[in-house]
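Report on the structure given below.
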Ligand SMILES: NC(=O)c1ccc[n+]([C@@H]2O[C@H](COP(=O)([O-])OP(=O)(O)OC[C@H]3O[C@@H](n4cnc5c(N)ncnc54)[C@H](O)[C@@H]3O)[C@@H](O)[C@H]2O)c1
Ligand SMILES: [Zn+2]
Ligand SMILES: [Zn+2]
């Protein structure tokens, strides 16, 4: 079938929106008509070669839409159902079986190999040459996506499908890191480095807990005002040369904080986030730094019962995290729609640029039929 897609031709090059061909769904697969797909910082990281997804191909991993066709053997879904495309998982490895599909032992190939497990791709140019597909199991910078049925999260017919895609990555990652991984106790302090889509989602989630001090750190004053609106009790502006966010955190908390989250993807911030928590504190690392980046920590202070944990995708199962965030949004308790600005698919390059410049927090590409 002929569809439109934003082709990632080569690294550091703008996407090329063109018509391409997509396969019909095979066994266990579903063809989804994308209504809208979020743009995540991770798409920019892949475009710039810091994630090994091979061009030419199609990126995009926050898709949501409507089931257009079912492959053989798919049950529990019907044409016309609204779905969010969650992260792929194998379902049979140790971590999947233990209820941690975000840490599926097949995650690397499932999200980055550029096709199905058997090496085939789902996308071709009109001249028949192959394009890599299945970025995060979906390649949703396109009007249609072919995915494994197991990665789909069905949602209610009246769910606002045009804003649900980002719950599967950026928004769910920040919120899930707080609600699934850190679980702040009553009266605790939480410091969020980076008030982008991920960090602001962490701030909104912290507001849903008993944490009484919620600190957002960023270099963009507009994002810090938004953080205050969404639940930050304090903000730290690091735009000035020589800013000392760790000292500022200590001053606000009267000592180190209980929890911190690194949501910038800037490698030097990792040390600040780890140094912001003290004895028995926990720092969650979320940001995706350039490939091969490393960091060093003060050895002695990490012995003090301090935990430094990496988190992917907000942990937990897509179906429970996404379903809960939809309910919280409906109740007005998780107003993540305030982060979203919509663009047409043809403006994918402008959408990435607006996010990079800090003008837009969460760009979402809306498909027109
Ligand atoms: N672990 C995961 O599963 C996962 C999932 C989604 C995204 N990510 C990663 O999370 C990171 C954040 O994603 P996003 O979409 O929110 O990106 P974003 O670009 O919208 O936000 C990053 C924020 O960090 C701020 N920042 C930059 N330098 C800073 C500094 N020195 N101190 C404080 N703040 C600083 C920026 O101003 C910006 O507001 C990215 O690296 C992305 O790749 C990880
Ligand atoms: Zn698995
Ligand atoms: Zn993402």
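Below is a table of values for the structure above.
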quantity	calculated
Selection status of residue 114, away from ligand 1 (no atom under 16 Å from the Cβ), in contact with a strand residue (DSSP E or B) (Cβ under 6 Å, 6 or more places away or on another chain), in contact (Cβ under 8 Å) with a residue 40 or more places away in the chain and in the same structural domain as residue 47 (by TED's automatic domain parsing)	yes
Answer residue from region 38-49, given it is assigned to a loop (DSSP other than H, G, I, E, B) and touching a helix residue (DSSP H, G or I) at 6+ places or on another chain (Cβ under 9 Å) and is farthest from ligand 3 (Cβ to nearest atom) among those	39
Number of the condition not met by residue 292 [criteria: (1) surrounded by fewer than 22 Cβ atoms within 10 Å (Cβ to Cβ); (2) out of contact with any helix residue (DSSP H, G or I) (no Cβ under 7 Å at 6 or more places or on another chain); (3) touching a residue at least 12 places away in the same chain (Cβ under 8 Å)]	(3)
Any hit, region 158-175, residues being farther than 27 Å from residue 358 by Cβ and surrounded by fewer than 17 Cβ atoms within 10 Å (Cβ to Cβ)	yes
Breaking point among (1) within 21 Å of the chain's Cα centre (by Cα); (2) surrounded by fewer than 22 Cβ atoms within 10 Å (Cβ to Cβ); (3) more than 15 Å from ligand 1 (Cβ to nearest atom); (4) more than 20 Å from residue 172 (Cα to Cα), for residue 96	(4)
Qualifying residue in region 274-289 (condition: at pLDDT below 95, over 30 Å from residue 160 (Cβ atoms), within 16 Å of ligand 3 (Cβ to nearest atom) and assigned by TED's automatic domain parsing to the domain that holds residue 212)	yes
One residue from 132, 41 being in contact with a strand residue (DSSP E or B) (Cβ under 9 Å, 6 or more places away or on another chain) and under 24 Å from residue 292 (Cα atoms)	132
Elements of type strands (runs of 3 or more DSSP E) contained in region 175-238, each with 2 or more residues being more than 19 Å from the chain's Cα centre (by Cα) and within 11 Å of ligand 1 (Cβ to nearest atom)	234-237
Out of 57, 49, 76, sole residue that is within 17 Å of residue 116 (Cβ to Cβ) and more than 17 Å from the chain's Cα centre (by Cα)	57
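Table: residues versus (1) in a strand (DSSP E or B); (2) closer than 24 Å to residue 200 by Cα; (3) more than 14 Å from ligand 3 (Cβ to nearest atom).
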position	(1), (2), (3)
30	yes, no, yes
36	yes, yes, yes
60	no, yes, no
64	yes, yes, no
67	yes, no, yes
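Conditions tested, residue by residue: (1) closer than 19 Å to residue 161 by Cα; (2) assigned by TED's automatic domain parsing to the domain that holds residue 163.
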{"position": "272", "(1), (2)": "no, no"}
{"position": "297", "(1), (2)": "no, no"}
{"position": "321", "(1), (2)": "yes, yes"}
{"position": "328", "(1), (2)": "yes, yes"}
{"position": "335", "(1), (2)": "yes, yes"}
{"position": "345", "(1), (2)": "yes, yes"}
{"position": "354", "(1), (2)": "no, yes"}
{"position": "358", "(1), (2)": "no, yes"}
{"position": "362", "(1), (2)": "yes, yes"}
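The values are calculated or read from the model by the stated rules, or taken from the named source; none is laboratory data. Computed from a predicted structure; not experimentally measured. FYI the Cβ positions are ideal-geometry reconstructions off the backbone, even for glycines, and counts take in every protein chain you see.
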